[in-house]
Amino acid sequence: MTAPSPSLASFIAGLPKAELHVHQVGSASPRIVAQLAERHPGVVPADPEALAAYFQFDDFAHFISIYLSVVKLVETAEDVRLLTYEIGREMAGQQIRYAELTITPYLSVNERLPAEAFLEAIEDARTGVERDFGVRLRWIFDIPADFGVPAAEMTASIALDHHVPGLVGLGIGGSEQGFPRSMFVEQFDRARAYGLHSVPHAGETTGPATIWDAIQNLGAERIEHGITAVQDPDLMRYLAENEITLDVCPTSNVALKVVDDLAQHPLPALVAAGVPVSINTDDPPMFGTDLNTEYAVAADLLGLDEAGVARLARAAVDAAFVDEVYRTELRGEIDAYVAGRQGA
Ligand SMILES: O=c1[nH]cnc2c1ncn2[C@@H]1O[C@H](CO)[C@@H](O)[C@H]1O
């Protein structure tokens with residue numbers, strides 16, 4: 001990619017942003033990993049250079065195995081609290097005002113860390129992050145598809161049988177091949193009846209059929225990734241007409257080799273077809289990126305100036321699962337920033 005001009009880079013750095021597609025454990029920065037690795041030595045390299053090498057992925061399956069090894073660093077309620085609180089600190093540094101963090105309770109909750117203690121830890125972090133960093137966090141609980149229906153049942157029960165402040169949606173992560181979205185229709189039916197939004201991963205590692213599956217069987221309101229929609233003009237038209245946003249993560253797609261290189265990324269074709277998109281990081285330290293970098297990548301791919309980049313930030317706010325009062329407030333922050341820069 002061509003590096004953004006210094007003035008566009010500084011515009012992006014200061015722009016108030018919302019992030020819609022970012023995973024909790026995948027957000028553990030080298031600093032957080034080092035802290036957790038001190039508590040749980042021998043699982044993941046603590047040294048930043050060794051960690052960067054550890055985060056070089058052969059393919060999607062390799063990525064999932066590394067992801068699951070990092071999950072092992074998050075064992076106690078205090079680990080969960082620390083990780084989540086520190087993610088908020090790093091988001092604040094990127095001028096992220098609002099984030100929907102994807103959390104996989106199935107991977108963390110067990111006999112030693114019961115659901116109640118896990119939920120208490122994320123709630124403690126959530127309130128702390130808002131108080132100390134001014135970042136509003138909301139949760140999407142995702143079903144790790146590879147673990148099948150038992151994982152879906154446990155995820156649904158943690159989400160629906162407890163009062164979970166900040167929980168806005170149910171998702172699906174992990175593999176798509178061999179795990180049709182419709183496998184989880186019962187859990188999504190229950191979650192939607194409860195009032196949760198439907199926001200599964202689809203069309204990252206498989207084709208448009210999985211995206212249709214997510215829409216038709218799970219009532220998907222946004223799609224995580226969804227980039228293979230580019231292969232299906234009818235689907236792109238459907239996404240555009242029904243305002244179903246794709247929460248796209250360009251660098252992730254290259255790091256996991258689902259796209260050959262950034263120049264081949266389908267983002268421009270999706271945007272040209274009128275598909276609504278938001279720009280996100282997925283698992284920022286694992287892919288050596290952050291949200292400002294992803295905005296610069298998108299600006300380069302789409303040929304955007306400051307006004308275009310501000311439109312990307314507004315698109316994320318438009319697609320966020322927030323009430324209209326708060327949406328207006330977030331839009332107002334973006335507008336005020338843009339106006340202030342013009343006046344400068
Ligand atoms: O890009 C991604 N695609 C799918 N799953 C992902 C991605 N990034 C992180 N996870 C996470 O991988 C775990 C595996 O089941 C889940 O926790 C999911 O949230």
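Looking for something surrounded by fewer than 23 Cβ atoms within 10 Å (Cβ to Cβ), within 21 Å of Ala320 (Cα to Cα) and of a type in the set (Asp, Glu) - is there at least one such residue anywhere in the stretch 100-114? Checked against the condition, which is being surrounded by fewer than 23 Cβ atoms within 10 Å (Cβ to Cβ), within 21 Å of Ala320 (Cα to Cα) and of a type in the set (Asp, Glu), the stretch 100-114 yields no hits at all.
Yes or no, residue by residue, for (1) small (Gly, Ala, Ser); (2) within 25 Å of Leu256 (Cα to Cα):
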{"site": "Ala3", "(1), (2)": "yes, yes"}
{"site": "Phe11", "(1), (2)": "no, no"}
{"site": "Ala28", "(1), (2)": "yes, yes"}
{"site": "Val33", "(1), (2)": "no, yes"}
{"site": "Asp47", "(1), (2)": "no, yes"}
{"site": "Phe63", "(1), (2)": "no, yes"}
{"site": "Asp79", "(1), (2)": "no, no"}
{"site": "Leu83", "(1), (2)": "no, yes"}
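Scan the stretch 181-200 and give yes if some residue there is in contact (Cβ under 8 Å) with a residue 40 or more places away in the chain, in a helix (DSSP H, G or I), open to solvent by less than 70 Å² (accessible area, probe 1.4 Å) and hydrophobic (A, V, I, L, M, F, W, C), otherwise no. Yes, some residue in the stretch 181-200 is in contact (Cβ under 8 Å) with a residue 40 or more places away in the chain, in a helix (DSSP H, G or I), open to solvent by less than 70 Å² (accessible area, probe 1.4 Å) and hydrophobic (A, V, I, L, M, F, W, C).
Among the conditions (1) exposed (fewer than 14 other Cβ atoms within 10 Å of the Cβ); (2) within 16 Å of the ligand (Cβ to nearest atom), the only one that Glu38 does not satisfy is (2).
Within the stretch 1-18, residues that are farther than 28 Å from Arg136 by Cα have Cβ atoms under 6 Å from residues that are open to solvent by 20 Å² or more (accessible area, probe 1.4 Å) in these pairs: Met1/Leu262; Met1/Asp300; Thr2/Asp300, counting only partners at least 6 apart in sequence or on another chain.
Taken over the stretch 67-81, the criterion of being assigned to a helix (DSSP H, G or I) and open to solvent by less than 10 Å² (accessible area, probe 1.4 Å) is satisfied by Val70, Asp79, Val80. Residues in the stretch 119-142 that are closer than 20 Å to Thr104 by Cα, in contact (Cβ under 8 Å) with a residue 12 or more places away in the chain and surrounded by fewer than 16 Cβ atoms within 10 Å (Cβ to Cβ): Glu120 alone. Selection of helices (runs of 4 or more DSSP H) fully inside the stretch 233-307 by the criterion of at least 1 residues being open to solvent by less than 10 Å² (accessible area, probe 1.4 Å) and in contact (Cβ under 8 Å) with a residue 60 or more places away in the chain returns 291-302. If you go through the stretch 11-35 and pick out every residue that is under 25 Å from Ala320 (Cβ atoms) and open to solvent by 40 Å² or more (accessible area, probe 1.4 Å), you end up with 1.
So, Ala320, is that one exposed (fewer than 15 other Cβ atoms within 10 Å of the Cβ), at negative phi, touching a residue at least 24 places away in the same chain (Cβ under 8 Å) and aliphatic (A, V, I, L, M) or not? No: the conditions fail for Ala320. Counted as qualifying within the stretch 97-178 are the helices (runs of 4 or more DSSP H) with 1 or more residues that are within 10 Å of the ligand (Cβ to nearest atom), namely 105-108, 148-160.
Of the candidates Pro150, Pro180, Pro200, the single residue that is touching a Leu at 6+ places or on another chain (Cβ under 9 Å) and at pLDDT 95 or above is Pro200.
For the stretch 143-168, a tally of residues being in contact with an Asp or Glu (Cβ under 7 Å, 6 or more places away or on another chain) and either acidic (Asp, Glu) or in contact (Cβ under 8 Å) with a residue 60 or more places away in the chain (or both) returns 1. For the stretch 48-66, the criterion of being in a loop (DSSP other than H, G, I, E, B), surrounded by 18 or more Cβ atoms within 10 Å (Cβ to Cβ) and modelled with pLDDT under 95 is met by at least one residue.
Selection over the stretch 171-180 of residues that are at positive phi and open to solvent by 50 Å² or more (accessible area, probe 1.4 Å) gives a count of 1. Might you check whether a residue that is under 20 Å from the mean Cα position of the chain (by Cα), among the β-branched types (Val, Ile, Thr) and within 29 Å of Asp59 (Cβ to Cβ) occurs anywhere in the stretch 122-134? Scanning the stretch 122-134, I find no residue that is under 20 Å from the mean Cα position of the chain (by Cα), among the β-branched types (Val, Ile, Thr) and within 29 Å of Asp59 (Cβ to Cβ), so the answer is no.
Return yes when Val168 is β-branched (Val, Ile, Thr), under 16 Å from Thr102 (Cβ atoms) and surrounded by fewer than 19 Cβ atoms within 10 Å (Cβ to Cβ) and no when it is not. Against the criterion (β-branched (Val, Ile, Thr), under 16 Å from Thr102 (Cβ atoms) and surrounded by fewer than 19 Cβ atoms within 10 Å (Cβ to Cβ)), Val168 qualifies. Taking the stretch 10-26 as the search range and keeping residues that are more than 29 Å from Ala336 (Cα to Cα) and touching a helix residue (DSSP H, G or I) at 6+ places or on another chain (Cβ under 7 Å), which one is nearest to the ligand (Cβ to nearest atom)? Among them, the one singled out is Gly26.
Across the stretch 334-344, what is the total count of residues that are open to solvent by less than 60 Å² (accessible area, probe 1.4 Å) and in contact (Cβ under 8 Å) with a residue 24 or more places away in the chain? Matching residues across the stretch 334-344 total 3.
The values are calculated or read from the model by the stated rules, or taken from the named source; none is laboratory data. Just so it is clear, the model here is predicted, and its values are computed rather than measured. Neighbour counts are summed over all protein chains in view; Cβ atoms, including those assigned to glycine, are modelled from backbone coordinates with ideal geometry. These area figures cover heavy atoms from the full protein model, side chains too; ligands, DNA and RNA do not enter into them. Shrake-Rupley method; radii C 1.70, N 1.55, O 1.52, S 1.80 Å.
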